[in-house]
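A.B. asks: Input: one structure, supplied below.
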């Protein structure tokens, strides 16, 4: 989100440049540290996965969580309690989260492809972490998750309504914290 704000403030000066170039220039002009860009990759993956699951729930009825023990609001509090205490992001609540995910659809998700952005930033970060094997491995894993999820997103958005036999599941085969979508025909 912060990276988007920086780039949107600079667009007036760079009307002739493509979006991709302006993001690169903004990162260079403002000297955004590689660690912050890595965090931005994590944020893009989390947003993309959240909206992909919400779109699957909204459009295909998948991943419905109905159980006798926890309501959706209670699960939200369990997952995000620490972030809410730290006010990250500002003024987030269950109701704003619910409104954000209630309207998630694949056509809008493909247009603002968070996975593509995470993959692009990860590619740029490779040279920044060339001396740190752990961070370089993390960047490569992020890149793999982003690439696979971007492909899955395109498949489901193009074929999902045409082919009801498509099933989406999530596996942690490329990264320990970010799931990779797996699309199969049943």
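A.B. asks: So which residues in the range 31-50 are assigned to a loop (DSSP other than H, G, I, E, B), modelled with pLDDT under 90 and either within 13 Å of the chain's Cα centre (by Cα) or closer than 30 Å to residue 172 by Cα (or both)?
C.D. replies: 32
A.B. asks: Residues that are at pLDDT 90 or above: list the helices (runs of 4 or more DSSP H) wholly contained in the range 106-185 that include at least 2 such residues.
C.D. replies: Where helices (runs of 4 or more DSSP H) fall fully within the range 106-185 and carry at least 2 residues being at pLDDT 90 or above, they are 114-125, 133-159.
A.B. asks: Quick one: which residue in 57, 28 is assigned to a helix (DSSP H, G or I), over 29 Å from residue 125 (Cα atoms) and either out of contact with any helix residue (DSSP H, G or I) (no Cβ under 9 Å at 6 or more places or on another chain) or modelled with pLDDT of 65 or more (or both)?
C.D. replies: Working: 28 fails: over 29 Å from residue 125 (Cα atoms).
Answer to the check: 57.
A.B. asks: For residue 168, are the conditions met, namely being in contact with a strand residue (DSSP E or B) (Cβ under 7 Å, 6 or more places away or on another chain) and touching a residue at least 60 places away in the same chain (Cβ under 8 Å)?
C.D. replies: On the way: in contact with a strand residue (DSSP E or B) (Cβ under 7 Å, 6 or more places away or on another chain): yes; touching a residue at least 60 places away in the same chain (Cβ under 8 Å): yes.
Spelling it out, residue 168 is indeed in contact with a strand residue (DSSP E or B) (Cβ under 7 Å, 6 or more places away or on another chain) and touching a residue at least 60 places away in the same chain (Cβ under 8 Å).
The values are calculated or read from the model by the stated rules, or taken from the named source; none is laboratory data. Please read these numbers as outputs of a predicted model, since none were measured by experiment. Heads up, the Cβs are rebuilt from the backbone with ideal geometry, glycines too, and the neighbour counts pull from every protein chain shown.
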